[in-house]
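In what follows, a structure is listed as structure tokens, so that the remarks can point back to it.
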Amino acid sequence: MQIQSNSNISVTKDYDVAIIGAGINGAVAAAALSAAGQKVLLIDKGDFASFTSQESSSLIWGGIKYLQSYEFSLVFKLCMARNKLMRSYPNQISEIGFLASIGPTAPFGRLLGTFGTFFYWGIGALGTLMPKSYSAKTAKALEPSLLSGRKAVLYYDAYLPDTDSRFVYDFIRQAKSLGADVANYTELVGAKFQDATWRLELLTSSGDIRVGAKSVINATGPFASQVSDLLEAPTKASLVFSKGVHLILDRKITTNDQVLAFWDEQKRLFYVLPMGDRSMIGTTDTRVDDPHTTLEAEDQDFVLKQINAQLDMEKPITKDQVISFRSGVRPLVVEAGKSGNVADWHQLSRKHIIETNSKKRVISILGGKLTDCLNVGEEVVAEFQKFGIKLSKPKGWFGEAGDQRKAEFLELVASKSKGGFAKEIATGLWRRHNDKAFEIIADQDSLEDIVPGLGITSAELEYIAKTEEVKTREDLLRRRLPIAMARSEKEIARNKKLQKALEDVGL
């Protein structure tokens, strides 16, 4: 199979806007502006969502922890954003319970915890299921892995059953369908603003490409300052970085499909999160200066120490049970005139700021998180209008197809599937591809799960490799699909059906 190149970039005419950085902020900006009638180019120096946007906890949440710092307006805004995403993506985003075990490191007891969760539910406009409060005996019965004697509260947020990077790609796919040109492994290496037009030099695997653009959006996350320097369009706000690490274990810890929430020895929220038939634990919160991070021995030791201190298991969790990990930074915004050297920098929230340089027609997006992505897209369109450009009202740039199409698809998959995999394959295909899933199974006489437990078929793998700008195995197994997160390298290497499917697509 021929892997796609960067030939879809137009060098014969100017774009209305070039978006640099294809994480969540760049992806939603591309989708929203394409829907508003703009000719968009979206590029990333690596793969799409290959940095910050692939290292999160995969949570869509309203920021319950910000109640402790009295940021009620931020919590309200995030809860409204969460509710909107849940309504718009009922398959890609799942509501899930957070069972919070109240131990000695918790900042409050059961009474205050119960009040806090109900307040959180209320400030979120009752957009989730109602919270509950449990005695120690009931909590232990509900989740046997909890330590005895620990009371608990249950509140609800949402998460992404696949991965954060898969969710990002949905916006990129939508932008493409609306006319945007997209290119991964394409780096901005030169920029000059002349005669009201940006002349951009892009470095690709095939060599240099020069394009024109009327405007530029800097959506490069932790690299925003470097790109601002290149554009000679500095921002007033700045960023500091918090390193977060998650470990993925070789089994599922919880007996129910829920998140376990604790407070670590630093009194920060710490989770056990479901990842298919495996569990993800974390996270850490370490201030760093360099956004390039990896899993260090002390990170792994810290995470394992925290989880073993919070769970009642016959044997402690050890390093040999870790099959993969996530390590990335949170770009935290420091507003203009303020210092990032605050007394308790953990209190810096995941809010975003959008700055506009009207003279050079540059928009910079700083900070943010998955939950707030639709707001970012809408705000970018509003900022774009400040350039005096008449835009159409963006329509159809986010959301899923209706229930009727899903029902038709489920019935079709059931007729093609072998064994007992029909439901898992069908729900996975629909969740990851929506109505494009019909194309994947159109010519298939039968469907078989080639990664038992994940509901992934060779037909889906081939479709993604052909249509989703895949250049490497990691693009496919780590970002378009959750295989490399939910399976160890040894498991992947031993899977003959998966290896055959990869060979068939040239990877």
Segment residue 305-residue 126, length gained on full extension (0.36 nm per residue, minus Cα span): 60.9 nm
Label zone at residue 320 (point 7 Å along Cα-to-Cβ), backbone N below 18 Å, region 230-265: 248-252
Long-range amide H partners of residue 156 with built H, under 5 Å: 98
Coil-residue chymotrypsin sites (Phe, Trp or Tyr not before Pro) of region 1-101, DSSP, other Cβ within 10 Å capped at 13: 70
Whole-Hz ³J(HN,Hα) from phi, Karplus 6.51 cos²θ - 1.76 cosθ + 1.60, for region 27-38, glycine and proline x: 5, 5, 5, 5, 5, 5, 6, 5, 5, 8, x, 8
Distance (nanometres) between label positions extended 7 Å along Cα→Cβ at residue 335 and residue 194: 4.0
Answer label for semi-axes √(5λ) of the Cα gyration tensor in Å (calculated), chosen among (i) 34, 24, 22; (ii) 36, 30, 21; (iii) 55, 25, 24: (ii)
Karplus-derived HN-Hα couplings along region 484-501 (A = 6.51, B = -1.76, C = 1.60, θ = phi - 60°), whole Hz, x at Gly and Pro: 6, 8, 9, 9, 6, 4, 5, 5, 5, 5, 7, 7, 5, 5, 5, 4, 5, 5
Residue-averaged 222 nm ellipticity for the chain, from DSSP H runs of 4+ at -39500 (n - 2.57), nearest 500: -9500 deg cm²/dmol
Difference of contour (0.36 nm per residue) and Cα-Cα distance, residue 494 to residue 404: 28.5 nm
Ordering of 87-96, 287-296, 495-504 by burial proxy (mean other Cβ atoms within 10 Å per residue, highest first): 87-96, 495-504, 287-296
Two-decimal ratio, region 374-507, of alpha-carbon radius of gyration to 2.2 N^0.38 Å: 1.29
Difference of contour (0.36 nm per residue) and Cα-Cα distance, residue 226 to residue 289: 21.3 nm
Protection proxy ranking of 278-284, 134-140 - average other beta-carbon atoms within 10 Å, highest first: 278-284, 134-140
DSSP bridge orientation in the chain - percent antiparallel, rounded to nearest 5: 75
Residue 445/residue 472 FRET efficiency (R0 22 Å; Cβ-Cβ; nearest 0.05): 0.15
Distance between region 419-460 and region 1-74 - C-alpha centres, whole angstrom: 27
FRET efficiency, residue 187 to residue 137 (Cβ-Cβ, R0 41 Å, nearest 0.05): 0.10
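FYI, it's all coordinate maths here, none of it is from the lab. None of the values given here were measured: they were computed from a predicted structure. Because the Cβ atoms are built from the backbone with ideal geometry, glycine has one as well, and the counts that use them run over all protein chains shown.
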